[in-house]
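Presented below is the structure to which this report refers.
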Amino acid sequence: MTDLEKYTKVFAETFDVNESEVEKLEYQGIELWDSVGHMSLISALEEAFDIMLDTDDIIELSSFEKGKEILSKNAYGIKF
Amino acid sequence: MTYEELLSLEPYSLSQVRKNELFVELLGALTEKHRQMSYCYADIIRTLGYDRKEFQTVQDIPFLPVRLFKHLDLMSIPKENIFKMMTSSGTSGQQVSKIYLDKETASWQQKTLAKIVSSFIGTSRLPMIILDCPSVLKNRHSFSARGAGILGFSMFGRKSIYALDDNMDLQYEVVRDFLQEHKGEDILLFGFTFMVWKYFLQAVKDRNLFFDLSNGFLLHGGGWKKLAQESVSNEQFRQELAKICGLKYVHSYYGMVEQTGPICMECEAGHLHVSNCSDIIMRRSRDFSPCDIGEPGIVQVLTPMPQSYPGHSLLTEDEGVLLGVDDCPCGRKGKYFKIMGRLANAELRGCSDTYAVGK
C-alpha cells in the first residue's frame, strides 16, 4: 500500500465515507469530523504511519489536503 | 501588533507597562469592531454610558457581566459564519452560556491554549491519564463543558487512558499497567479539581493503593467551591498528591468557556498568572473602581482574542486578589493573582462543581 492509499484509508474509515469522497473533507465540514472525530483521526494517523504529530500540527490539520501538506514535512517523512 | 503577533511571543514576556500600551490599542479597536458588528452589544455599552472610540487606559474598556451570555445571543459575525457554538457547564435548571465562534477565533483558542500549556510541559506530547470517566464524551452532540475541557487538553497527550469508569470507580489495573508501560517517561495527568480529589486521590487512599507519579505533571481546574466546602485548601491538595503519589508538578488553571484559550496557569510559586494573551483587573463591588494589590475584588478578565463574539472584556462572578505585577519569584512577567472563590449568591457553574450538585 502506498502512503497515499494508507492516508486515504484512514480518512475513509475514521469518517465512514467512500474513498472517492475523502479529498474534499474538512474539519467541521461533516458531522463525524467534529472535535471528537478530530482526535480519533489524529490517533489513527499516528498509528498507521507510526509517527507522533506536534500539537501545532494537530491544530493546523483542518482538511484532507492540509493533512497531506503537514505529513509531507521532514519531521514525518511521508511522501505522497 | 496583531493578536497573531502577540501569540508568537514567549507567553510570559510582556511587562505590564508594555502590555497596557498594547492592550489599550487592541481592546479599544476590538470594542469598536464589536460595536459595529453587534447591535445588541452596541446597545448594551451605550446604556453603560460608553460612546467613546478612544480609550486612555485598559481600565476604561467597558466590561459585560459574564451572565449576559446566558440570556442573549451575543455575536459579531453573520450567522452563516458560525463555525462552532460552545456552551458552559451548568446544573439542570440553570441556563447555559452560548459562545459563537468563527473559524479564526476557534483556531486562536486552540493556538493560545497550546502556547500557554506548552510553555509549562514542553512541546512534545506526553502519555496522558485523564482523571475522569469516558462517558463525558459519549454524546458528541451535546457534551458538557467538562467534556470540552477534556477534549481541549487531549491535544497535549497521546495514547490517553481514562482513570475512572463510568461509575466513577478508579480503574486500578488500567492505570498500573499504563504506568508500567511508560516507566521512565514523563506523564501528563488532566482532571477537574473536585474529581481528582474525590474520585482519584480518595480512592487511592481508601483502597491503600500506590501509584508512582513522580514523573507526572498534573493539570487541573474547574472550580474550587466544592473543595472549599470540604475544607480542602490548594496547599493541602498539593501536599496530599505529593505524599500519596509522589506527584511534584501540580498546576491548577483558571479559565472559563467565555474566554476559552487564554487560561491562567499556576506557577511553581503557587500563583496564577495571566499570559501575554490576557489580563485581569480586580474591581471593588461598591463602585467597580480597580482594587489595589492585596485588596480582594470582583474579577474582570480581558483578552484581545475573541473576534466573533464580544467577550473581550468580562466581569466574572468570582472574587480574587491581585498579588503582584512583574515580580513573581518564578520570573514570569505580568500580573499574578489568586482566586478566593465565587461571589455570594452567584450560580454554581464550575466544571467540577456542577457535577457535584448533580449527584
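The values are calculated or read from the model by the stated rules, or taken from the named source; none is laboratory data. In this text the structure is predicted, and so the values were computed from the model without any measurement. Note that each Cβ is placed from the backbone with ideal geometry, even for glycine, and that neighbours are counted across all protein chains shown. For accessibility, only protein heavy atoms count, side chains too; no ligands or nucleic acids. Shrake-Rupley method; radii C 1.70, N 1.55, O 1.52, S 1.80 Å.
First select every other residue whose beta carbon is under 12 angstrom from the beta carbon of B:Phe200; then total the charges, Lys and Arg +1, Asp and Glu -1.
For residues surrounding B:Phe200, the net value is -1.
Overall, the accessible surface of segment A:3-71 at a probe of 1.4 angstrom is composed of carbon and sulfur to the extent of 41 percent. Does chain B classify as rounded, prolate or oblate by the C-alpha gyration tensor (a ≥ b ≥ c root eigenvalues; a/c under 1.5 gives rounded; else a/b over b/c gives prolate, otherwise oblate)? The shape class here is prolate. Of the residues B:Arg67, B:Arg238, B:Arg146, ranked by 1.4 Å probe accessible area with the largest first, the sequence reads B:Arg67, B:Arg238, B:Arg146. Summarising the label geometry, the points placed 7 Å from Cα in the beta-carbon direction at A:Asp34 and B:Asp327 lie 4.9 nm from one another. Counting lysine pairs in segment B:21-148 whose alpha carbons fall under 15 angstrom apart, excluding pairs fewer than 8 residues apart on the same chain, gives 7. Taken across both chains, chains A and B shield about 1600 Å² of accessible surface from a 1.4 Å probe.
Here the gap between B:Asp73 and B:Lys205, fully extended at 0.36 nm per residue and compared with their Cα-Cα distance, gives a gain of 42.9 nm. Find out how many positive minus negative residues lie around A:Leu4, taking Lys and Arg as positive, Asp and Glu as negative, among other residues whose Cβ is under 14 Å from that of A:Leu4. Neighbourhood net charge equals -2. Note on chain B: with a GNM built from Cα contacts shorter than 10 Å, the maximum mean-square fluctuation among B:Lys205, B:Lys335, B:Lys111 falls on B:Lys205. Taking 7 Å steps out from each Cα toward its Cβ at B:Glu181 and A:Asp3 produces label points 2.7 nm apart. Its Cα centre serving as origin, segment A:3-71 has a Cβ charge dipole (Lys and Arg +1, Asp and Glu -1) of approximately 80 debye. Only the Cβ atoms of Lys and Arg (+1) and of Asp and Glu (-1) were treated as charged; on that basis the dipole of chain B about its Cα centre amounts to roughly 480 debye. Accessible surface area normalised per residue over the protein assembly as shown is 44 Å², counting heavy atoms of protein chains with a 1.4 Å rolling probe.
Under a Gaussian network description of chain B, with springs only between Cα atoms under 10 Å, the residue in B:Gln109, B:Gln259, B:Gln94 that fluctuates furthest is B:Gln94.
Residues in segment B:38-48 carry Karplus couplings, in order, of 10, 4, 4, 5, 4, 4, 4, 6, 5, 4, 6 Hz; the curve used is 6.51 cos²θ - 1.76 cosθ + 1.60 with θ = phi - 60°, and Gly or Pro positions show x. The residues neighbouring B:Arg125, those whose beta-carbon lies less than 13 Å from its own, together hold a net charge of -4 under the Lys/Arg +1, Asp/Glu -1 convention. For the options B:Glu235, B:Glu104, B:Glu319, a Gaussian network treatment of chain B with springs between C-alpha atoms closer than 10 Å singles out B:Glu235 as fluctuating the most.
With +1 assigned to the C-beta of every Lys and Arg and -1 to the C-beta of every Asp and Glu, and no other charges, what is the dipole magnitude of the protein assembly as shown about the Cα centre in debye, to the nearest 20?
Details: 48 positive and 61 negative charges, 219 e Å.
Dipole magnitude for the protein assembly as shown comes out near 1060 debye.
Quick check on segment B:213-319: take the gyration tensor over C-alpha atoms, sort the square-rooted eigenvalues as a ≥ b ≥ c, and tell me if it's rounded (a/c under 1.5), prolate or oblate. Because a/c hits 1.5 or more and a/b exceeds b/c, segment B:213-319 counts as prolate. Its relative contact order, with pairs defined as Cα atoms under 8 Å and 6+ residues apart, puts chain B at 21 percent. Bridge orientation summary for the protein assembly as shown: considering DSSP beta bridges with both residues in this region, about 60 percent are antiparallel.
Phi-derived couplings, Karplus 6.51 cos²θ - 1.76 cosθ + 1.60 at θ = phi - 60°, listed residue by residue for segment B:17-23: 4, 5, 5, 4, 4, 5, 6 Hz, with x used for Gly and Pro. Near the amide H of B:Glu317, within less than 5 Å, lie no amide hydrogens of residues on another chain or at least 5 residues away, with H placed in the peptide plane. Of all DSSP bridge pairs formed entirely within chain B, close to 60 percent run antiparallel.
Projected onto its three principal axes, the C-alpha set of the protein assembly as shown covers 66, 54, 44 Å, listed from the longest axis down. Which of the three applies to segment B:13-157, rounded, prolate or oblate, going by the alpha-carbon gyration tensor with a ≥ b ≥ c and a/c under 1.5 meaning rounded? The shape class here is oblate.
The antiparallel fraction among DSSP beta bridges confined to segment B:109-254 stands at about 5%. Roughly speaking, to the nearest percent, how much of chain B's 1.4 Å accessible area is carbon and sulfur? The C+S portion of the solvent-accessible surface of chain B is 49 percent. When you restrict to C-alpha pairs under 8 Å that are six or more residues apart and normalise by the size of chain A, the relative contact order lands at 31 percent. Computed 3J(HN,Hα) for segment B:175-181, one whole-Hz value per residue from the Karplus formula 6.51 cos²θ - 1.76 cosθ + 1.60 where θ = phi - 60°, is 5, 4, 5, 5, 5, 5, 4, glycine and proline marked x. Across peptide A:33-42, the mean count of Cβ atoms from other chains lying within 10 Å of each residue's own Cβ comes to 4.
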